[in-house]
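The values are calculated or read from the model by the stated rules, or taken from the named source; none is laboratory data. A quick note: this is a predicted structure, and the numbers were derived from the prediction, not measured. Using ideal geometry, Cβ is built from the backbone for each residue, glycine included, and neighbour counts are taken over all protein chains shown. Ligands, DNA and RNA are excluded from the accessible area calculation, which covers all protein heavy atoms including side chains. Shrake-Rupley method; radii C 1.70, N 1.55, O 1.52, S 1.80 Å.
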Amino acid sequence: RELADEAKRRAETNRSEKQYGAALMDFRSSKSHWPQMPGVDDFIAQTQQEIEVVTLTERAQLALKSDRLDEARSLLDEAFEKSTLERGSINELRLGVRKRGGELAYAAAHDLELQGLKAEAVVAYQKVVADWPDGLLDEKTRIGALQGDIAGAEREFAAGDEAEKKGDLPAALDHYQSARTWYEKYRDIGDRIARVKAKLPEQKAPKAGGS
C-alpha cells in the first residue's frame, strides 16, 4: 500500500499541474499496487476524461486559427460538458472565439464602409455593438461618423429636391453635389446631378427670337 499511496500522491500532483498523461500512468500504477484502493477507478476515469478534453480544446484552437468558429464552439461545448478541471480555461477559449467573431463582423462592416455603402455599414456596425455593448474596437465612433455623413446627405438631398421642384436648377445642383460629398452612393444622387446638369444649358440658353 505504501507504493500505491506514493503513486497516488504523484498522480495528484501531476493532475494539479495539468500533466494528465503522467497522472494517468501514476493512478494506474497505484491501482496495480492496490487494486482495491478507494476511488482509484474514478480517478482514472476522470483523468482519461481530461485527456480527451485537452484534445478537444487543441482541436478547437486550430479551428479558431482558421476562423472555423462554429466548429470551435462545438468542440469547446463538448469539452466543457466532459471536463471537471479545465472549465476555466475552456471559458477563456470561448471568449476568444466570441471575440474573433466580433472582429470578423467588424471587418465585414468596415469593408462596407470602404465601399461607400454607409447605411449598410451602420447596420453592420450596430450588430457588433449589440454583441459588445461595452465596446470591441472603435465601432461606436464609426457609427457616429457615418450617421453624421448620412444626415448631411439627407439634408442636402432634400434641399436639392426642393430647389429642383421650384425650377432653381443651379441651387439644386449645388445641394445635390454637396449631398454627394457627404455620401456618394446616397439614393439616386448621381442620376439627379446628371439630370440637372443636362437641364442647365437649356435654362441658360436665350429664348428664341430674343435680341
Is it the case that the stretch 48-71 has a residue that's among the charged types (D, E, K, R), over 29 Å from the mean Cα position of the chain (by Cα) and open to solvent by less than 20 Å² (accessible area, probe 1.4 Å)? yes
Residue check: is L146 over 14 Å from the mean Cα position of the chain (by Cα) and assigned to a helix (DSSP H, G or I)? yes
Would you please name the residue that is nearest to the chain's Cα centre (by Cα), looking only at residues in the stretch 159-172 that are charged (D, E, K, R) and open to solvent by less than 40 Å² (accessible area, probe 1.4 Å)? D161
Would you point out which residue out of F80, F43 is among the aromatic types (F, W, Y), within 30 Å of L136 (Cβ to Cβ) and out of contact with any strand residue (DSSP E or B) (no Cβ under 7 Å at 6 or more places or on another chain)? F80
With the condition kept exactly as written, say whether any residue in the stretch 173-189 is of a type outside the set (D, E), open to solvent by 60 Å² or more (accessible area, probe 1.4 Å) and closer than 30 Å to K99 by Cβ. no
Please specify each residue of the stretch 91-122 satisfying the condition of being under 17 Å from the mean Cα position of the chain (by Cα), closer than 30 Å to T181 by Cα and free of Cβ contacts under 8 Å to residues at least 12 places away in the same chain. A107, D111, E120
Those residues that are in a helix (DSSP H, G or I) and more than 23 Å from E78 (Cβ to Cβ), I need them from the stretch 20-63; list them, please. A22, M25, D26, F27, R28, S29, S30, K31, S32, H33, V40, D41
For the stretch 103-132, name all the residues that are open to solvent by less than 30 Å² (accessible area, probe 1.4 Å) and among the aliphatic types (A, V, I, L, M). A109, A121, V122, A124, V128
Taking G88 as the residue in question, decide whether it is part of a helix (DSSP H, G or I), under 25 Å from the mean Cα position of the chain (by Cα), more than 30 Å from A108 (Cα to Cα) and at pLDDT 80 or above. yes
Has the stretch 94-117 got at least one residue that is under 30 Å from F43 (Cα atoms) and either modelled with pLDDT of 95 or more or part of a helix (DSSP H, G or I) (or both)? yes
May I ask you to verify whether A194 is assigned to a helix (DSSP H, G or I) and either at positive phi or surrounded by fewer than 15 Cβ atoms within 10 Å (Cβ to Cβ) (or both)? yes
